[in-house]
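Here the structure comes first, spelled out in structure tokens, and everything after it is commentary.
The values are calculated or read from the model by the stated rules, or taken from the named source; none is laboratory data. This is a predicted model, so every value here is computed, not measured. Neighbour counts are summed over all protein chains in view; Cβ atoms, including those assigned to glycine, are modelled from backbone coordinates with ideal geometry.
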Amino acid sequence: MPEAVTPEAFADAFVPDDDEIAAATEQSLELGVEPVSPATGMALALAAAARPAGSFVEIGTGAGVSGLWLLRGAPGAQLTTIDHDHDRHVAARARFQSAGHTGRTVRFITGRAADVLPRMNEDAYDLVLVDADSEPVAQYTETALRLVRPGGTVLVARVLQQGKVANPSRRDRRTTVYRDLLRGVREREDLLAGVSPVGDGLLQLVRR
Ligand SMILES: C[S@@+](CC[C@H](N)C(=O)[O-])C[C@H]1O[C@@H](n2cnc3c(N)ncnc32)[C@H](O)[C@@H]1O
């Protein structure tokens, strides 16, 4: 078992190494993208594994780390991944190919989420991961809930914002956006909602 000083570090160290994900992580950092943490990635893989042949959407490809995790959990799934940054998509495409995922498995849509999402089919996907810009996160989440079929899962990364969301004295715009998102989904009868403190916080929603 790994030795680690904090529960978070322990949870990250517990995740087995994966060369492809390590390479994508390195490339992300070179491109100035913060990828999901190893423990968050494994949480994505575990959620994905429940839909082995599912159709997934990812908002915020980066250099491919979170997408590789989703496909590690469900190698038979199909992933549509959206990012407005062309260079990041070039990098991610290379990483997916290197990991053995062909164009039949991964579809890239290069564009702004606000333009792309309204053109996607509703009730058509099994899982949507939201990990893009923060200001429209509630809007993305609402749209994601329309894209998934009943029983489908929506995951939203980084919802705890380095602990700021849990601290009521923190009222900056970004923190408030995530706090309002969590408040808004907590008691909805059409959802099952939970927050996991993994990484920077992962909101997990199931559409009833
Ligand atoms: C935090 S990074 C995603 C990291 C990635 N999920 C991972 O774990 O490797 C956020 C990504 O969202 C993209 N992005 C930001 N705003 C966007 C928008 N409005 N539409 C589409 N992509 C956006 C950025 O280019 C960036 O690659």
Examine segment 174-190 for a residue that is in contact with a Lys or Arg (Cβ under 8 Å, 6 or more places away or on another chain) and of a type in the set (Val, Ile, Thr), and state whether such a residue exists.
yes
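Okay, residues lined up against (1) among the small types (Gly, Ala, Ser); (2) more than 14 Å from the ligand (Cβ to nearest atom):
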{"position": "PRO7", "(1), (2)": "no, yes"}
{"position": "VAL33", "(1), (2)": "no, no"}
{"position": "GLY62", "(1), (2)": "yes, no"}
{"position": "ALA74", "(1), (2)": "yes, yes"}
In segment 20-42, anything part of a helix (DSSP H, G or I), in contact with a helix residue (DSSP H, G or I) (Cβ under 9 Å, 6 or more places away or on another chain) and loosely packed, with under 15 Cβ neighbours inside 10 Å is listed as GLU30
Please count how many residues of segment 115-163 are acidic (Asp, Glu) and either crowded, with 20+ Cβ neighbours inside 10 Å or touching a Leu at 6+ places or on another chain (Cβ under 9 Å) (or both).
4
With respect to the numbered conditions (1) surrounded by 15 or more Cβ atoms within 10 Å (Cβ to Cβ); (2) out of contact with any helix residue (DSSP H, G or I) (no Cβ under 8 Å at 6 or more places or on another chain); (3) not hydrophobic (A, V, I, L, M, F, W, C), which one is the sole condition not fulfilled by THR110?
(2)
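Does segment 116-130 hold any residues that are within 16 Å of the ligand (Cβ to nearest atom), over 15 Å from HIS89 (Cβ atoms) and without any contact (Cβ under 8 Å) to a residue 60 or more places away in the chain, and which are they?
Listed by number, the residues that qualify are LEU117, PRO118, ARG119.
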Can you name every residue in segment 109-137 that is hydrophobic (A, V, I, L, M, F, W, C) and closer than 16 Å to TRP69 by Cα?
LEU127, VAL128, LEU129, VAL130
The correct count of residues that are free of Cβ contacts under 8 Å to residues at least 24 places away in the same chain and polar (S, T, N, Q) in segment 74-115 is 2
Within segment 185-197, can you find the residues that are β-branched (Val, Ile, Thr) and in a helix (DSSP H, G or I)?
VAL185
Within segment 79-95, is even one residue within 12 Å of the ligand (Cβ to nearest atom), modelled with pLDDT of 95 or more, more than 27 Å from ASP115 (Cβ to Cβ) and surrounded by 15 or more Cβ atoms within 10 Å (Cβ to Cβ)?
no
Among the residues of segment 169-184, is there at least one that is within 23 Å of ASP123 (Cβ to Cβ), modelled with pLDDT of 95 or more and part of a helix (DSSP H, G or I)?
yes
Select from segment 175-204 the residues that are among the charged types (D, E, K, R) and surrounded by 15 or more Cβ atoms within 10 Å (Cβ to Cβ) and list them in ascending order.
ARG179, ASP200
